[in-house]
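Written below as structure tokens is the structure these notes are about.
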Amino acid sequence: METKVAVIAIVVEDRNSAEALNEILHSYADYIIGRMGIPYRAKNINVISVVVDAPHDVISALSGKIGALKGVSAKTAYSGTCE
């Protein structure tokens, strides 16, 4: 199946959603290349980037589940190349 590399940018404003977010990410662990989280204490938010290599529908599902969490937003940028 054709895959794309993408980065999902996540902003967490409600820390109560952190556990659910980590559960979602864990369920997609086979597709995750890496992740980086930055706590921004001055604004009381967390910014996370997650790099994935997956089929388009898997990336969309992951981003949608993350964005549906209370106080969490997610945007995805896709690579232009496929393997």
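Site pair residue 11 and residue 56 shows an inter-label distance of 2.7 nm when each label is modelled 7 Å from Cα along Cα→Cβ. Mean projected area of the convex hull spanned by the Cα atoms of the chain, taken over all viewing directions: 5.2 nm².
The mean accessible area for residues of the chain, using a 1.4 Å probe and ignoring ligands and nucleic acids, is 64 Å² per residue.
Trypsin sites (Lys or Arg not before Pro), restricted to the chain: which are DSSP loop and have at most 13 other Cβ atoms within 10 Å?
Values: sites: 4, 15, 35, 41, 43, 65, 70, 75; in loops: 41, 43, 70.
Filter output for the chain: 41, 43, 70.
Mind pulling the angle between the C-alpha long axis of helix 56-67 and the longest principal axis of the chain? Nearest 10 degrees, somewhere in 0 to 90. On a 0 to 90 degree scale, this one is about 10.
Provide the FRET efficiency to the nearest 0.05 for the residue 70-residue 38 pair, computing r from the beta carbons and using R0 = 30 Å.
Between residue 70 and residue 38 the formula returns 0.90.
Quantify, in whole percent, the carbon and sulfur part of the accessible surface of the chain (1.4 Å probe; protein heavy atoms only). Present the calculation step by step, with values, prior to reporting the outcome.
On the way: 2860 of 5320 Å².
It is 54 percent, rounded to a whole number.
Electrostatic bookkeeping for residue 54 treats Lys and Arg as +1 and Asp and Glu as -1; over the other residues with beta carbon under 11 Å from its beta carbon, the sum is -3.
The values are calculated or read from the model by the stated rules, or taken from the named source; none is laboratory data. All values reported here derive from a predicted model rather than from experimental measurement. As a convention, Cβ positions derive from the backbone with ideal geometry for all residues, glycine included, and neighbour counts pool all protein chains shown. For the accessible areas, the whole protein counts, side chains as well, though only heavy atoms, and no ligand, DNA or RNA atoms are used. Shrake-Rupley method; radii C 1.70, N 1.55, O 1.52, S 1.80 Å.
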